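Asks: Below is the structure I would like to discuss, written out as structure tokens.
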Amino acid sequence: MTTPGRTNVELPVLTHCPYCALQCGMAITPEAAITPRTDIPANAGGALCQKGWTAGELLTNGARLTSPLLHGRPVPWQVALDHVAGRLSLIRAEHGPDAVAVFGGGGLTNEKAYQLGKFARVALGTSQIDYNGRFCMSSAAAASLRAFGMDRGMPFPITDLAEADVVLLAGGNVAETMPPFVRHLSGPRLIVVDPRRTATAKLAWLHLQPTPGTDLALALGLLHLVIAEGLADERYIAARTTGFEEVRTSLASWWPERVERVTGVPVARMRQAVRAMAAAGRAIVLTGRGAEQHAKGTDTVTAFINLALALGLPGTPGSGYGCVTGQGNGQGGREHGQKADQLPGYRRIDDPAAREHVAKVWGVHPDDLPGPGRSAYELLDALGTPGGPRALLLFGSNPVVSAPRSAHVTGRLDALDLLVVCDVVLSETAAMAEVVFPVTQWAEETGTMTNLEGRVLLRRKAVEPPAGVRSDLDVIRELAARLGHAWPSDPRAVFDELREASAGGPADYAGITYERIEADKGVFWPCPSPDHPGTPRPFLDRFATPDGRARFTPVEHRPAAEEIDEDYPVYLTTGRVLAHYQSGAQTRRVGPLVEAAAEPFVELHPDLAEELRIGAGDRVRVSSRRGETEGTARISDAIRRDTVFMPFHWEGANRLTNPALDPTSRMPEFKVCAVKVERVA
């Protein structure tokens, strides 16, 4: 066995994949050869997807940055660090601390996310910090907090899925986004809600194919049927929940035939779904980005949670509700302080007790901590505007590709006085930066990740980084030192401070150590003490609400923020493809993955293609009120006739998407907007 966090040059190092929130276990040699591990439950017996198998190329391809860049030219580290620190000091002195902003990422380790939040609030004194996870799990997080008093994406081990009789997956395409996940779905009857007949929907026992933007209406209709057909678990509702009568009353107008008119899903299929779930001994409801990335995403997830509660699923062994977290550390990334409204341990930044606890750990006065800042899109939208941030430090994100209304965001980045990017490669956003710091990546550093189950895992350093490359923690330490703060950059030291800062919070890591993670193959939070076993199923006895009961919340369907019309008569929805990940900054530089998916495409139904005189392989232009882009036509009856699909791994698709925000989670409406489609002459 290797020592936690150390490289053993004789044997492959046991670590985890650099990509999605499954965090599949893998072993890697110093030559970057990869084999799957069989001791990590997420891997389902040793599976890896194409991205995982080829992850070694991330360490060996020629796209790596190996020197800091200043105005595009290589410079010594000392020069780049001094330049950034000097510019930050001048901007803060002239415009105040909130003139400097920080933008993080859901792929950063827990240690980096924690230290980044501390750096923003203590070294910079700014409230202006958020991260790209706001674009991913924020609606599910808000709905879970509303219903259960706590957000842990999947509050049960992933192995529970295989033991379920029925699993309903709303808005997720796990067969392409995280293929090993599918192995956990081989046992239950699978019900998939998706406007496309995706690779996952093709595996389903039942596919419900709603009009984009109508998932909320469908969830209301399903719950209406549960109540109307006497399928609700009245005993569970009385014993473990509050608010059911208000929800029952609110559903009166969502009779099945009306829901069919709104969503396009036949009543017979809705009845099939609810009867199968009610008859199941064990059933699980899952939501993904397709249901969540809407201006009403929090209410949509709330409606699916209401459905699960009515059936008596959450907190019942083998059943429940869960969110399929997407980014590698999407769960941990939102727990420890890089989110605008949070402090470490998933504490609220406006809670006086939380501020006092964290301030004591950080050695500052609670009143010196800033309050809540802008959410991710609002922060990007404010860059370079009067009263907005003049400088941005960006870690582990690529908003030029990934942000909604991306051409506008690019303009806002261009308006900054200072843009600083830490990245592994020269991403589209890094190419705009005044200063770029080359940093280590997954197998070149040690740190913890929290996967979609809430299981804290240890990624171990397996290979040495290229000469000239430093870690994000080193960058933060060096900038903090130039601003008058002496902080560690050793991951273990940072994690030990994180444990102290999280102690007593909802996401309590106090009892988790590198050694425990090594011995137990991961530890579930909350884990408040060294002798605590961890909490794989936190809701079995009570929910994290003041009275211990889950809360039903009435919600009402409303149309998409932008409906189709004569000028823009087709819906656009976006998503991932098997070969690529997020903005593609990593995967578009891996040869086999580029060969598998070389360019963006536009998927459209044969009837729509015939109407528009578009053939397979034609060049197609897609336009919205915010911009336009092009792709190659793919003709498929897997898509609705009124909808086109584009993957978002290339710059272009998000020029079209709508930044309309959910009022609670501040999630943009990525998943539906109105577009015009035409063949390029």
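Asks: For the pair Ala467 and Leu11, what calculated FRET efficiency results from E = 1/(1 + (r/R0)^6), where r is the Cβ-Cβ distance and R0 = 22 Å, to the nearest 0.05?
Replies: It comes out at approximately 0.35.
Asks: Report the one residue of Phe495, Ala480, Gly46 whose Cα lies farthest in the direction of the positive end of the charge dipole of the chain (charges on C-beta: Lys and Arg +1, Asp and Glu -1; origin at the Cα centre).
Replies: Gly46
Asks: Which value, in debye to the nearest 20, gives the size of the charge dipole of the chain about its Cα centre, when Lys and Arg are +1 and Asp and Glu are -1 at the Cβ?
Replies: 500
Asks: Follow-up. If the only charges are +1 at each Lys and Arg Cβ and -1 at each Asp and Glu Cβ, what is the size of the charge dipole of region 617-662 around the Cα centre, to the nearest 20 debye?
Replies: With only Lys, Arg, Asp and Glu charged at Cβ, the dipole is about 100 debye.
Asks: Which length gain, in nm to one decimal place, applies between Trp77 and Asp414 when the Cα-Cα distance is subtracted from 0.36 nm times their residue separation?
Replies: Extending this stretch completely gives an extra 118.9 nm.
Asks: With r defined as the distance between the Cβ atoms of Val680 and Ala238 and R0 fixed at 60 Å, what FRET efficiency is calculated, to the nearest 0.05?
Replies: 0.50
Asks: At what distance in nm do the modelled label points of Leu203 and Asp496 sit from each other, each positioned 7 Å from its Cα along Cα→Cβ?
Replies: 4.3
Asks: When only alpha-carbon atoms are used, what values of Rg and Dmax, in angstrom, describe region 34-118?
Replies: 19.6, 57
Asks: Rounded, prolate or oblate, given the Cα gyration tensor of region 302-406, with a/c below 1.5 counting as rounded?
Replies: Cα axes put region 302-406 in the oblate bin.
Asks: How would you classify region 592-665 from its alpha-carbon gyration tensor, with a ≥ b ≥ c the square roots of the eigenvalues: rounded for a/c under 1.5, else prolate if a/b is greater than b/c, otherwise oblate?
Replies: It comes out oblate by the Cα gyration axes.
Asks: Where in region 28-106 are there trypsin sites (Lys or Arg not before Pro) that are in a DSSP coil and have at most 12 other Cβ atoms within 10 angstrom of their Cβ?
Replies: Loop-located and lightly packed - none at all.
Asks: Within the chain, what percent of beta bridges assigned by DSSP are antiparallel, to the nearest 5?
Replies: 45
Asks: Given H placed on each backbone N at 1.01 Å, which residues far from Leu311 in sequence or on other chains put an amide H within less than 5 Å of it?
Replies: Asp233
Asks: Working out 0.36 nm times the residue gap between Trp53 and Val364, then minus their Cα-Cα distance, what length gain in nm do you get to one decimal?
Replies: 107.4 nm
Asks: Also, quick follow-up: Here are labelled values, [x] 30.7, 102; [y] 23.9, 71; [z] 26.1, 90, and one is the computed Rg and Dmax of the Cα atoms in Å for what I pasted. Which one?
Replies: Comparing each candidate, only [y] matches the computed number.
Asks: Ok, one more. With a/c under 1.5 counting as rounded, go ahead and sort region 325-386 into rounded, prolate or oblate using the C-alpha gyration tensor (a ≥ b ≥ c being the square roots of the eigenvalues; past the cut-off, prolate if a/b is larger than b/c, else oblate).
Replies: Oblate is the answer for region 325-386, as a/c is 1.5 or above yet b/c matches or exceeds a/b.
Asks: Now for a separate question. How far apart, in nanometres, would the label points at Ser253 and Thr35 be if each is projected 7 angstrom from Cα along the Cα-to-Cβ direction?
Replies: Result: 6.2 nm between the two label points.
Asks: Taking +1 at the Cβ of each Lys and Arg and -1 at the Cβ of each Asp and Glu, which of Ser529, Phe539, Leu418 sits farthest along the dipole of the chain towards its positive end, judged by Cα position relative to the Cα centre?
Replies: Towards the positive end, the residue furthest out is Phe539.
Asks: Compute the separation of the alpha-carbon centres of region 393-426 and region 144-158 and state it in Å as a whole number.
Replies: After rounding, the separation between the Cα centres reads 31 Å.
Asks: Let me ask you something else. With runs of 4+ DSSP H residues as the only contributors, calculate the mean residue ellipticity of the chain at 222 nm using -39,500 (n - 2.57) per run, divided by the residue total and rounded to the nearest 500.
Replies: -8000 deg cm²/dmol
Asks: Setting aside same-chain residues fewer than 8 positions from Lys521, which lysines have a Cα under 29 Å from its Cα?
Replies: Output for Lys521: Lys51, Lys112, Lys118, Lys339, Lys461.
Asks: Hey, another quick one. Averaging sequence separations of C-alpha pairs under 8 Å and six or more residues apart, then dividing by the length of the chain, give the relative contact order as a whole percent.
Replies: Answer for the chain is 20 percent.
Asks: A further question follows. What's the carbon and sulfur percent of region 341-402's accessible surface, probe 1.4 angstrom, rounded to a whole number?
Replies: 48
Asks: Using a basic spin-label model with each label point 7 Å from the Cα along Cα→Cβ, how many nm lie between Asp567 and Asp642?
Replies: About 2.0 nm, to one decimal.
Asks: What figure, in Å² to the nearest 10, do you get for the accessible area of Glu464 with a 1.4 Å probe and non-protein molecules left out?
Replies: My reading of the accessible area for Glu464 is about 130 Å².
Asks: Could I ask something else about it? Expected output is a single nm value to one decimal: the length gained when fully extending between Glu630 and Arg275, i.e. 0.36 nm times separation in residues minus the C-alpha distance. What is it?
Replies: Here the segment from Glu630 to Arg275 would lengthen by 123.5 nm.
The values are calculated or read from the model by the stated rules, or taken from the named source; none is laboratory data. Treat the numbers as computed from the prediction; the structure is a model and nothing was measured. Glycine also receives a Cβ, built like all others from the backbone with ideal geometry; neighbour counts cover every protein chain displayed. For the accessible areas, the whole protein counts, side chains as well, though only heavy atoms, and no ligand, DNA or RNA atoms are used. Shrake-Rupley method; radii C 1.70, N 1.55, O 1.52, S 1.80 Å.
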